[in-house]
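One structure is given below, represented as structure tokens, and several questions about it will come after.
Read-outs throughout are calculated quantities, based only on the coordinates presented, and are distinct from any laboratory measurement. Only a predicted model underlies this, so the values are computations on that prediction, with no experimental measurement involved. With ideal geometry, Cβ positions are generated from the backbone for all residues, glycine too; neighbour counts draw on all protein chains shown.
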Amino acid sequence: MKISDILSRKRTLSFEVFPPKKGAEEIPELLETVSRLKELGPDFISVTYGAGGTNAREATAVSGHIKAMGVEPLAHITGGPSSPSDVERVVKELSDYGVENVLALRGDRPNGFSEEYCKYFPHATDLLEFLGDRFCLGAACYPEGHTECETLREDIVNLRKKQDAGAKFLITQIFYDNSYYYRLLHEAGKMGVTVPIIPGIMPLISAKNIARIKTMCGSTIPLDFRNMIESFSKNPLVMREIGINYAVYQIIDLIAKGAPGIHLYIMNRADTAAEICGRLKNVLNELF
Ligand code: FAD
């Protein structure tokens, strides 16, 4: 089923998984995780794709398995340095698996990339246009602005281009201060972005991830939250409790204020997803 059709009826609950790093032999383990996630009733599960298509085969296979398990997959594709024929190959595999939804991305560029890098798909908009109406298409957006843009306004001008190029819904980069998400909704709305913007939440359950989050995603960690983490950084059990409680707090606020769905970045941890959903049983019922 197309995610745009689901969103036209209800608010969504979704999870993101990444294909196994060591290759196809680890797919069965991931599918056990997917089967536990299925019990939580997600509307879709998204599957990441390596920048440059390094793991394209495993990624498409995982999407195919998810579809066969009766859950709607959202297959990510990064255009990046791929050629049109590389993308066509992935399109064919996904279509053969019956996948209907694709999140079209550019992917991160490596440091010191040359002019030739991203020759065919310099932006997600190029991939969106290339994919046309072959899938129900989504794209990424950034509550604090994408790191390559000097201003949020510039990034939102480009976001509008993603809608014009065919994106039917958007999923945000992670954020830990909901006011960035509400500001994005407001500013994107002023720029004519009307498609649903689904907030992406990643429970921060390990102190060592703080630095990574700042460098990889540019997401701000509010001072209060940072202080809590730093006070207990040596106690993993407390850290986990804090991270899960903070994500629960963010989700309650987002649902209360009418977010069109909740997308959980769970780093392939079904236990984390189950704990969050367990604490929010009645709140999540408000999504349906
Ligand atoms: P773009 O939309 O191309 O944006 C990149 C920059 O170019 C931005 O600054 C934007 O403002 C600007 N821009 C956009 N369109 C235009 C245009 N037409 N003309 C001029 N400038 C433009 N990475 C992976 O490798 N694999 C994944 O599976 C993956 N999944 C992700 C899922 C989500 C929900 C998010 C938020 C990110 C994901 N990423 C993934 C990371 C993503 O690839 C990087 O953030 C990358 O740097 C930008 O990708 P994009 O699709 O937003 O690119």
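Just need the relative contact order of the chain here, percent rounded to a whole number, with Cα pairs under 8 Å and 6+ apart. Intermediate results must be reported in sequence, preceding the final value.
Details: 499 pairs, mean separation 56.2, N = 288.
Dividing the mean separation by the residue count of the chain yields 20 percent.
Cα convex hull of the chain: how many Å³ per residue?
Here the figure is 131 Å³ per residue.
Counting only GluC sites (Glu not before Pro) that are in a DSSP loop and have at most 14 other C-beta atoms within 10 Å, tell me the longest site-free stretch of the chain.
151-285
Also, I was wondering about something else. Within the chain, which whole H helices from DSSP have a Cα span along their axis of at least 24 Å and a mean Kyte-Doolittle hydropathy of 0.5 or more, if any?
In the chain, the long hydrophobic H runs are 236-256.
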